[in-house]
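A short reminder: the numbers here are calculations on the coordinates, not readings from a lab. Note that the structure is predicted; figures quoted are calculated from it, not measured. Glycine also receives a Cβ, built like all others from the backbone with ideal geometry; neighbour counts cover every protein chain displayed.
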C-alpha cells in the first residue's frame, strides 16, 4: 500500500466518500488508488472552480465534507474564488493538492509554486505531508479540521513521492469537536433585549436557520413580537409554507438602513452585525445606528440550537406555537411579458416540495426570496462570498449530496459564464438539476453599482465593460454542446412551460430566459 492509498482509505474511514477532482500528473497515484478502494465516488470537473464550488454545495446540503483533488499551485489557484465563497459560508472541505516530489522542487520546473502560500488566504488549516508514513495521520487531521464547527477549509498538500512511497497504516477518524456552549450571561442579555418587542430584531445566521433551531426562533418571535430576520446571504435556509417566516436583510444600503433605523436592540444568533456589501460615497459601512445596542448571544461556531432553546426558556416561550408561513402557492400562474414580480409569483407556484434552490440570480433574484416565503417547503442556498461563478458548481455538489431531491439553479448569465463547464459534469453524472439562466445580456448589477458609487452616466467604453452583447451568448447552444437538454423562453407563459418540462425531466435541463 502506498501513501496515496493510505490517504484514500483514511478519508473513507472519516466518512469523506465524495471527491470532486481535476487531477494532473502529480495526483496520478491518488487517482490510481481510487480503483483499489471501494466506496469513494470521484466526480470530474473540467475546471477547478467547478470542483471547489461543488464541494461547497455538497457540504451545505450533506452537512459533512467532501474532498477535492487539485493539481499543484495553479490548479489550487483556479479554485480559489469558490473556496472564498465556501469559507464565507463556513463549509467544511478537505482539499488534496498535489505537489512535485520533494527532491524535484529545487529545479524550479514550470509548475513549481508556493502552494502553501496560495492556500493560506482561503484555508483555515494548511499542511504539507512530507512522508508516506505520516500521510494517513495527516489526512485524519485534515478531516478533523474540516469538521470543526461550523466548518473549515482544510488544505492537505501531497508531494508525489509521499503519494508513491510505501505506507504501513490507515488512520482512524478523529473525534469531532462539539460546538461550544453559550454562556448564561449572554442568554440573559439577549432575553432582556428581546422583551422590548418590535423594536428588537433577532438576526439569525448559519444553522440557526434550520430545523429545531428555527422552530425555537419562531417561538421567541411569537412570544415577544420581535422582528425575525436573517443575514442577506445564507449558507442554507429552510423556507416555505409551514415553516418559520424569516425575512432577509436587503442588499441595497438605503433599504437596509430604512429597515434598521428604528431598531433599538439587535440580538445576534449565528450572524454578524450588518455591514454594507461595498463602500459607497456618503453612506455608512455599518448599517445599525449608533443608538442600537448589539448583543451577541451565540457566534456561528457555537451551539445555536441550544442557544435559541435557552432563550425560549428564559422568555417563557417554550409552549408558544412558532410563527408559521401560510401557503401562497395555490394561485394562477402569471402570464405575459417577463417582470421581476411575475417571476417571483411563477417560482412561488412551481417550486416543488423539498426542492433545493441555488440562488445566484444576482440582480434578477432580489425579489424572489420574499415572493416565495409561502411556496412549498424547500431549502434556499445563497452565494456567500460574492465571488460570482458559484451557482452552477454548487448545484453539482447539492445534487450529489441529495440525489432524491430536485435542485433548482437560479443563475445570472454573467455569473454562469465563469463555470459553465459544470454543465458537462451535470450531464455526465445525470444530475437532477433544472437551471434558469436570466439572460439580460449584461452584468446588470454593475449598471446599478456604477450609479451607486457616483460613477455617472456610462459612455461607450464603460458600457462595453458592463454588457454581454455583440455577440449575445446562446445558452441553448452551449447547453447542447455540453450534453444538457435545454429550451428558451421570452415570456412568463413560455417560462412556465419550460420550467415544468425541466421539473418533469430526470437529469439536467437548462432554460435560457431572455430578458
Completion exercise
Note on segment 142-213: C-alpha Rg/Rh, Kirkwood Rh, two decimals, gives 1.25
Handout entry: In Å, descending, principal axis extents of the Cα set of segment 340-514
Key = 49, 37, 33
Fill in the blank from the handout: In nanometres, the difference between 0.36 nm per residue of separation and the alpha-carbon distance of residue 261 and residue 457 is 67.5 nm
Problem - Exposure proxy ranking, count of Cβ atoms within 10 Å, fewest first, for 215, 512, 38 - result: 38, 215, 512
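Using alpha carbons only, what's the Rg to Rh ratio of segment 236-303 with Rh from Kirkwood?
Numbers: Rg = 13.6 Å, Rh = 13.6 Å.
Dividing the radius of gyration by the Kirkwood radius yields 1.00.
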Problem - Value of Rg to Rh for segment 184-315 (Rh from inverse mean 1/r over Cα pairs, i.e. Kirkwood) - result: 0.95
Fill in the blank from the handout: Proxy exposure order for 433, 351, 445 (fewest C-beta within 10 Å first) is 445, 351, 433
Practice task
Round to a whole angstrom and tell me the spacing of the C-alpha centers of segment 42-68 and segment 222-251.
Solution key: 27
Handout entry: Model label zone, residue 319; criterion: amide N under 17 Å from point 7 Å along Cα-to-beta-carbon; scope segment 191-234
Key = 219-220, 222-224
Completion exercise
Everything considered on the Cα gyration tensor (a ≥ b ≥ c; rounded for a/c under 1.5, else prolate if a/b is larger than b/c, else oblate), segment 369-429 must be described as oblate
Completion exercise
Computed on Cα atoms, Rg of segment 324-366 relative to 2.2 N^0.38 Å comes out at 1.24
Fill in the blank from the handout: The rounded separation in angstrom of the Cα centers of segment 419-465 and segment 79-141 is 31
Problem - Potential lengthening between residue 176 and residue 505 on full extension [0.36 nm per residue; Cα-Cα distance subtracted] - result: 114.5 nm
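What share of the DSSP beta bridges in the chain is antiparallel, in percent to the nearest 5?
Looking only at bridges with both residues in the chain, the antiparallel portion is about 10 percent.
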Practice task
Taking the Cα atoms of segment 36-75, report the difference between the largest and smallest coordinate on each principal axis, in whole Å and largest first.
Solution key: 29, 28, 16
Handout entry: Length added when fully stretched, residue 168-residue 196, from 0.36 nm per residue minus Cα-Cα
Key = 3.8 nm
Practice task
Hey, could you grab the Kirkwood Rh for segment 3-164? Inverse mean 1/r over distinct alpha carbon pairs, Å, one decimal.
Solution key: 14.9
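If each residue's Cβ is checked for other Cβ atoms within 10 Å, how do 350, 174, 392, 158 rank with the fewest at the top?
Fewest-to-most ranking of 350, 174, 392, 158: 174, 350, 158, 392.
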Exercise for the section: Under 19 Å from a label point 7 Å along Cα→Cβ of residue 104: give me every residue in segment 132-172 with its amide N that close. Expected result: 132-133, 135, 156-167
